[in-house]
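The values are calculated or read from the model by the stated rules, or taken from the named source; none is laboratory data. Quantities reported herein were computed from a predicted structural model and do not represent experimental measurements. Virtual Cβ from ideal backbone geometry, glycine too; neighbours counted across all protein chains shown. Keep in mind that these areas ignore ligands, DNA and RNA; they rest on the heavy atoms of the full protein, side chains included. Shrake-Rupley method; radii C 1.70, N 1.55, O 1.52, S 1.80 Å.
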Amino acid sequence: MALTFNDESLKQAIASGKPVVVDFWATWCGPCRMIAPVVEALAADYEGRVLIGKYDVDEGTEMAAEYGVRNIPTLLFFKDGQLVQRHVGSTTRDTLEQIIKTLL
């Protein structure tokens, strides 16, 4: 199951140095709802190896602003506490999985 990030928990996850994938989304966003099952499946498949979670841009704004998230869905990929890749818009599971593998 994907984690639910807020400003503080996302900061802690990134600071942990573990691989982190964050899906910036909102409940009213159609493409966000389309990609949600993919994010959930990847969270289950990579549990214990990659922290994968969702950040609702309507509930938190600090981290979205800090990383310049202007469109949703936006997925940010962190390795060793550093942003290494960004993907904007809906996509396939294969594309996301290829990016996740570069984090490991």
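Does Tyr55 satisfy the condition of being under 15 Å from Cys32 (Cβ atoms) and in contact with a Leu (Cβ under 7 Å, 6 or more places away or on another chain)?
Considered against the rule, which asks whether it is under 15 Å from Cys32 (Cβ atoms) and in contact with a Leu (Cβ under 7 Å, 6 or more places away or on another chain), Tyr55 comes out as yes.
Could you list all residues from the stretch 68-102 that are polar (S, T, N, Q) and either open to solvent by 70 Å² or more (accessible area, probe 1.4 Å) or without any contact (Cβ under 8 Å) to a residue 40 or more places away in the chain (or both)?
Selection gives Asn71, Gln82, Gln85, Thr92, Thr95, Gln98, Thr102.
If I filter the stretch 46-57 for residues that are touching a residue at least 12 places away in the same chain (Cβ under 8 Å) and in a helix (DSSP H, G or I), do I get at least one hit?
No, that holds for no residue.
Scanning the stretch 1-21 for residues that are out of contact with any Gly (no Cβ under 6 Å at 6 or more places or on another chain) and open to solvent by less than 40 Å² (accessible area, probe 1.4 Å), which turns out farthest from Ala65 (Cα to Cα)?
Pro19
Of all residues in the stretch 22-39, which are outside any helix (DSSP H, G or I) and surrounded by 22 or more Cβ atoms within 10 Å (Cβ to Cβ)?
Within the stretch 22-39, Val22, Asp23, Phe24, Trp25 meet the criteria.
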